[in-house]
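Written below as structure tokens is the structure these notes are about.
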Amino acid sequence: MRAFRTALWVLVAIAVAVFAFLAFQPSRRPQAELITADRFGGPFTLVGSDGKPFSSARLAGRPHAIFFGFTHCPDVCPTTLARLLRLRQQLGSGERPFEIVFVTVDPERDGPAEVGKYAGLFNSPVIGLTGSPAQIGQVKKQFGIFSQKVPGEAGDYSVDHSAAVLLFDRAGKFVATIVREEPDSAALAKLKRITA
């Protein structure tokens, strides 16, 4: 019996030692990448409405608001862009105190001509961008944008997508978002921050 108890205590001691060893070992699992404000976004190249490459370097030194949407969007996209244009006018800091950039999340239907025509509907400068599915996928990843096709009737589809507007200052640093639910006064305060 004494030998059994001794063996049992030895097994407990070994189990405790193994547990302590594993508990204090650094994890070998890959860590989730932390996205901070200074790492959010980044350089990109897409396709402009003229069919030519559009580099984000063209936005250097210019505050800008980026909105991801699609030209077949029935409500959120046109109302968001119209609101941005109204806010830009209300800001009263020159004709174009900040650029408005529209990036499609539906590159299969939205080519250069489509995003150009769509941007032109607002009668004020809007930069319309598209690209290959791979290009759009990469930019969505950089900017933390979600989108997903939603099948409709007769083989058609819509797209669910993130609806926040992303604001960047003159240095290209992410500053804030504008969401549909917030009042214009709050949105204007954020726009003043990027255009100061």
Karplus couplings for the range 147-153 from phi (6.51 cos²θ - 1.76 cosθ + 1.60, θ = phi - 60°), rounded to Hz, Gly and Pro as x?
8, 8, 5, 10, x, x, 7
Would the range 97-180 count as rounded, prolate or oblate if I go by the C-alpha gyration tensor, calling it rounded below 1.5 in a/c and otherwise prolate when a/b exceeds b/c, oblate otherwise?
prolate
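For His64, His161, give the ranking by accessible area with the largest first, probe 1.4 Å. Mind dumping the intermediate values first?
On the way: His64 15, His161 35 Å².
From most exposed to least exposed: His161, His64.
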Shape of the range 79-118, Cα gyration tensor, a/c cut at 1.5:
prolate
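Apply the a/c threshold of 1.5 to the C-alpha gyration tensor of the range 56-196 and tell me whether it is rounded, prolate or oblate. Please report the intermediate quantities before stating the final value.
Values: a/c = 1.75, a/b = 1.59, b/c = 1.10.
Verdict is prolate for the range 56-196.
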Output the peptides 179-191, 131-143, 109-121 sorted from most to least packed, where packing is the average of other Cβ atoms within 10 Å over each peptide's residues.
109-121, 131-143, 179-191
Taking 7 Å along the Cα-to-C-beta vector as the label spot, tell me the Lys117-Lys52 distance in nanometres, rounded to one decimal.
2.3 nm
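Relative to the present Cα-Cα distance, how much length would full extension add between Gln138 and Ala154 at 0.36 nm per residue of separation?
Working: separation 16, 0.36 × 16 = 5.76 nm, distance 3.01 nm.
Result for the pair: 2.8 nm of gain on full extension.
The values are calculated or read from the model by the stated rules, or taken from the named source; none is laboratory data. Just so we're clear, the structure is a prediction, and the values are computed from it rather than from any experiment. Every residue, glycine among them, receives a Cβ derived from its backbone with ideal geometry; neighbour counts consider all protein chains shown. Calculation scope for accessible area: heavy atoms of the full protein, side chains included, ligands and nucleic acids excluded. Shrake-Rupley method; radii C 1.70, N 1.55, O 1.52, S 1.80 Å.
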